[in-house]
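Participant: My structure is below; once you've seen it, I'll send some questions.
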Amino acid sequence: MADLANTHVDPDSLVDLLWAAAETGCSEPLAHLIAACSDCYKPAAPSTGKSGKRGVRHFEDADVAALAANLLLHNEPRYLKILQHLLETCPQCHLASSSLFQQAKSGKDATPSHQEYEAISQRLSKRLSDWRSCFARDEVLAEKFLTKLLAMPAERRLLLVRNSERYGSWSLVTKLGESSREAVARNPNEAVSLASLAVEISKSLQPWSYDERVTEDIKAQAWALLGNALRVANDLKAAAEAFRQAEEFLQKGSGLDTVRVEVLDLKATLLAGQRRFDDARSLLGEALAVYRDIEDPHLQGRVMIKDALVCREVGNLEEAATILKEGLSLINPNREPRLAFVGQQNLTVLLVDLHRLDEAQERVSMVRDLAQKLDNPLDEIRTDWLEGRIHFEVGDFAIAEDILIRVKDHFLRASLPYDAALVSLELALIYSQEERLREMKFLALEILPVFARNEIHREALAAFTLFGRAAAAEEATAEVIRKTLGYLEQARNNPNFRVPRLARS
């Protein structure tokens with residue numbers, strides 16, 4: 001008999017065994033065996049809220065063969081000894097396994113025969129079919145619950161999910177995450193609300209509903225989505241904390257690559273905003289490698305579009321354009337229409353940066369078509385902004401001015417003071433070119449109170465105040481305006497940014 005000191009189940013072995021059992025559909029008999037050995041590790045049993053004892057499900061020969069084959073497949077022969085020890089604690093389960101382990105002891109091939117394999121395959125196919133049916137029902141319910149939640153005020157949603165276990169499903173967390181991603185472009189505050197709801201549901205998932213490590217994955221996913229929404233809403237301190245939480249849960253999770261790279265992908269955008277470009281590109285590189293391994297061209301393209309943005313921030317414009325074009329060739333626009341819009345818009349911005357203005361002008365109509373299909377007024381107004389920039393760069397100042405004034409006014413009505421300030425500075429460049437100092441002064445007076453009212457990042461306010469003072473003194477040169485634009489962009493993305501002292505004087 002095997003040395004029992006090495007065959008009792010410790011916490012780490014328990015997790016690995018249960019994971020392998022879950023993959024072969026025999027978690028219940030394994031849990032029965034763990035409970036049968038008084039020396040094996042026993043996690044606290046969840047309360048079902050029902051009286052009476054649950055019936056025991058014993059191992060059958062096909063279960064044992066499937067679990068043993070899975071352990072060998074994952075190169076875990078040590079666990080076969082633990083499994084054999086556990087099987088010996090129950091006469092009925094031991095009887096089912098005796099032929100398999102007798103073959104192993106006698107040196108015979110323990111691989112199931114053709115007939116046995118067929119039987120195992122049929123059992124697993126049935127379990128997979130049952131699981132898919134269960135998941136499909138979960139998806140339908142999640143869609144129904146999502147519709148119900150979206151129809152309610154934010155505070156009512158939170159109260160509802162906290163007081164009803166029926167909302168506790170991975171499918172609903174995922175759907176809320178998708179809704180949060182979509183809301184980011186339209187309404188960042190709503191995106192935060194939806195992602196917060198996903199986090200709340202992930203906290204309340206019952207431990208017996210999913211494998212424990214899978215539950216940690218769900219929490220990691222939800223917190224990363226919240227971090228992304230907070231980043232877009234310019235609450236960068238809270239966003240960094242959300243990603244810290246996501247990574248903690250990820251460490252305790254299943255190690256599933258698809259979950260890990262989703263967290264890395266989202267966090268990379270925050271790091272880029274904090275100007276930690278090398279760290280951002282490192283995370284994106286990891287994500288790209290995984291998506292190549294699982295052969296998903298669309299997700300590869302999504303990562304490359306983000307990587308191109310980081311390259312642009314570093315100043316590698318040609319490399320950024322090359323990466324972006326390749327990324328756009330990989331994505332499926334029908335799968336993520338907004339990603340196609342963002343990618344094409346960013347490529348057009350890059351062409352402007354590279355002074356390839358003819359190419360940029362040719363692309364604007366395509367970008368506008370994509371924006372109109374999304375039916376999001378903000379996307380259309382950002383396309384106007386891009387068109388205004390192109391007219392400025394080619395020297396059509398009158399057309400550029402008309403467009404940028406319209407864009408600025410829209411951003412002010414939409415309570416987007418950062419964007420309004422950036423557009424105003426671009427307008428100021430036009431006034432600087434034409435020495436229209438009076439208009440520049442009025443422009444600064446219009447935006448400064450908006451910044452103050454909206455409690456904007458103090459360094460962003462300081463940066464714009466520098467421009468305001470220069471405009472009031474009629475000393476706002478193109479160099480001062482461009483520096484202010486740079487300061488404002490950095491303050492927007494980095495909570496630790498400080499306007500240089502020399503610039504304050």
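The values are calculated or read from the model by the stated rules, or taken from the named source; none is laboratory data. These figures come from a predicted structure and were not determined experimentally. For neighbour counting, all protein chains shown are included, and Cβ atoms are generated from backbone atoms with ideal geometry for every residue, glycine included. Ligands, DNA and RNA are excluded from the accessible area calculation, which covers all protein heavy atoms including side chains. Shrake-Rupley method; radii C 1.70, N 1.55, O 1.52, S 1.80 Å.
Participant: Pop the C-beta distance of LYS252 and ILE405 into the FRET formula with R0 = 56 Å and round what comes out to the nearest 0.05. Intermediate values should be presented prior to the final figure.
Facilitator: Numbers: r = 53 Å, r/R0 = 0.94.
Approximately 0.60, to the nearest 0.05.
Participant: In square angstrom, what is the accessible area per residue of the range 174-290 with a 1.4 angstrom probe?
Facilitator: Values: 4680 Å² over 117 residues.
For the range 174-290, the per-residue accessible area is 40 Å².
Participant: Let me cross-check PHE442: its accessible surface, 1.4 Å probe, with only protein heavy atoms counted, in Å² to the nearest 10?
Facilitator: For PHE442, the solvent-accessible surface is approximately 110 Å².
Participant: Using a Förster distance of 41 angstrom, determine the FRET efficiency expected from the C-beta separation of ALA478 and LYS203, and round it to 0.05.
Facilitator: The formula returns an efficiency of 0.20 here.
Participant: Tell me, what ³J(HN,Hα) does each residue in the range 325-337 have, in order and in whole Hz, if you take phi through Karplus 6.51 cos²θ - 1.76 cosθ + 1.60 with θ = phi - 60° and put x for Gly and Pro?
Facilitator: 4, 5, x, 5, 6, 8, 6, 9, x, 6, 6, 9, x
Participant: Using +1 at the Cβ of each Lys and Arg and -1 at the Cβ of each Asp and Glu in the range 337-439, identify which of LEU429, ALA414, VAL364 lies farthest towards the dipole's positive end.
Facilitator: Looking along the dipole axis, the top candidate is ALA414.
Participant: Could you please put HIS85, HIS410 in sequence from largest to smallest accessible area, using a 1.4 Å probe?
Facilitator: On the way: HIS85 15, HIS410 45 Å².
Result of the area sort, largest leading: HIS410, HIS85.
Participant: Could you tally the net charge around TYR431, taking each other residue with its Cβ under 12 Å from the Cβ of TYR431, Lys/Arg +1 and Asp/Glu -1?
Facilitator: On the way: positive: ARG436, ARG438, LYS441; negative: GLU401, GLU426, GLU434, GLU435, GLU439, GLU474.
Charge balance near TYR431 sits at -3.
Participant: Here's something else I'd like to know. Per residue of the range 344-359, in order, report the coupling 6.51 cos²θ - 1.76 cosθ + 1.60 (Karplus, θ = phi - 60°) as ³J(HN,Hα) in whole Hz, putting x for Gly and Pro.
Facilitator: These are the phi-based 3J(HN,Hα) values: 5, 5, 5, 5, 5, 4, 4, 5, 5, 4, 7, 6, 9, 6, 4, 5 Hz.
Participant: Each label point is 7 Å from the Cα along the Cα-to-Cβ direction; what then is the distance between the points at MET366 and GLU439, in nm?
Facilitator: Between MET366 and GLU439, the simple spin-label model gives 3.3 nm.
Participant: How much solvent-accessible surface does TRP170 expose, in Å² to the nearest 10, with a 1.4 Å probe and all protein chains in place?
Facilitator: 70 Å²
Participant: Order GLU474, GLU380, most accessible first, counting only protein heavy atoms with a 1.4 angstrom probe.
Facilitator: Working: GLU474 95, GLU380 60 Å².
My answer, sorted largest first, is GLU474, GLU380.
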